[in-house]
1. Just need log10 I(q)/I(0) for the range 66-170 at q = 0.13, 0.17, 0.19, 0.24 Å⁻¹, Debye formula, equal scatterers on the alpha-carbon atoms, no solvent, rounded to two decimals.
2. Obtain the nm distance between the two label points defined at Val52 and Ala202 by a simple spin-label model: each point lies 7 Å from its Cα along the Cα-to-C-beta direction.
3. Starting from the Cα coordinates of the range 107-164, work out the convex hull volume and express it per residue in Å³.
4. What aspartates and glutamates sit close enough to Lys180 to cross-link, taking a C-alpha to C-alpha distance under 17 Å and skipping anything fewer than 8 places away on the same chain?
5. How large is ³J(HN,Hα), in whole Hz, for each residue of the range 3-13 in order, when computed from phi with the Karplus curve 6.51 cos²θ - 1.76 cosθ + 1.60 and θ = phi - 60°, using x for Gly and Pro?
6. Calculate I(q)/I(0) for the range 7-116 by the Debye formula, one identical point scatterer on each C-alpha and no solvent, and give its log10 at q = 0.13, 0.24 Å⁻¹ to two decimals.
7. Mind pulling up the Rg/Rh value for the range 38-97? Radius of gyration and Kirkwood radius, both on Cα.
8. Please list 3J(HN,Hα) in residue order for the range 14-23, calculated via the Karplus relation 6.51 cos²θ - 1.76 cosθ + 1.60 where θ = phi - 60°; whole Hz, with x for glycine and proline.
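Read-outs: derived from the displayed coordinates by stated rules, not from any lab. Keep in mind that this is a model prediction, so the values were computed, not measured. Cβ placement follows ideal geometry from the backbone for every residue including glycine, while neighbour counts extend to all protein chains displayed.
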Amino acid sequence: MNSIMFVLLLAVAVVVIVLFAGIRVVRPTHRGLIERLGRYRRFAAPGFNWIVPLVDRMIQVNTTEQMVDARPQEIITNDNLNASVDAQVYFKVKNDEESVKSSQYNVNNYQYQIVNLARTTLRNIIGTLTLKSANSERDKINTSLLETLARETKHWGMEIVRTELKEIDPPKDVQETMNKVVKAENEKVAALDFADAVERQADGVKRSEIKKAEGIKQAKILAAEGEAEAIRLVNEAANTYFVGNAQLLRKLEALEKSLSQNAKIVIPSGSELVNVIGEMAGFLPMMK
């Protein structure tokens, strides 16, 4: 009886151990592939999963976004300069069953493969560019690297999210020369800006003086026109009032002189002189 109880307890213990040994918990950031005796059996979703110990094996795959560093490498540019280039690649395994299977069964160590593929692609891209164009066309290099990696890894069940070109460092002596060139260009730009500011200031002073001279000129023109108008009005007044009266005065003087000598003068009737004499005598000629 004791031996039977011992066997039963032993069997229960073995069953419990097997049950606990086969428990697998998959996190939400992972997906699982369950193999039985070396063959793929089923897909394990996040949560509780159970496998047969010693028979089944679970491979958990991270499906979150990951980053690998392509590591710095010396690349000869198109202008025969050695540049130290480093880049980062961001990727993630797609969380569907076929993509997770592809990441394990279509490629061996996909992280290592991505790093080496990125390094090779960078050499091919930057080798066709000069050092200056490589530094100024970083977006173009990132785009080319991303497109190449996406095309080459499309059967690996993953998505290349983005690529970042970290640095393109030229040799030390070249960097010093480039720094001097940049400094000289900045000084040149500053000098041109200063000269332009001085020129603008001088142009402003010039325009101000021109405006001032034009104002003085216009004032003089207006004053001269005013004087000319005044002279014209005076001449018109003189012609209107002075010339006629002066002639009449001469006629009166001639009349006075003649009368003083008892001379007889025939004056036409209706003439201006008769009217003047009449006014002087205090009577007016009679109208017919």
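1. Result of the Debye calculation: -0.46, -0.72, -0.85, -1.22.
2. My value for the distance between the label points is 9.7 nm.
3. Cα-based convex hull of the range 107-164, divided per residue, equals 71 Å³.
4. Filter leaves Asp169.
5. Karplus values, whole Hz, x for Gly and Pro: 5, 5, 4, 5, 5, 5, 5, 5, 5, 4, 4.
6. Log10 of I(q)/I(0), two decimals: -0.65, -1.26.
7. Taking Rg over the Kirkwood Rh, I get 1.30.
8. 5, 4, 4, 5, 5, 4, 5, 5, x, 6
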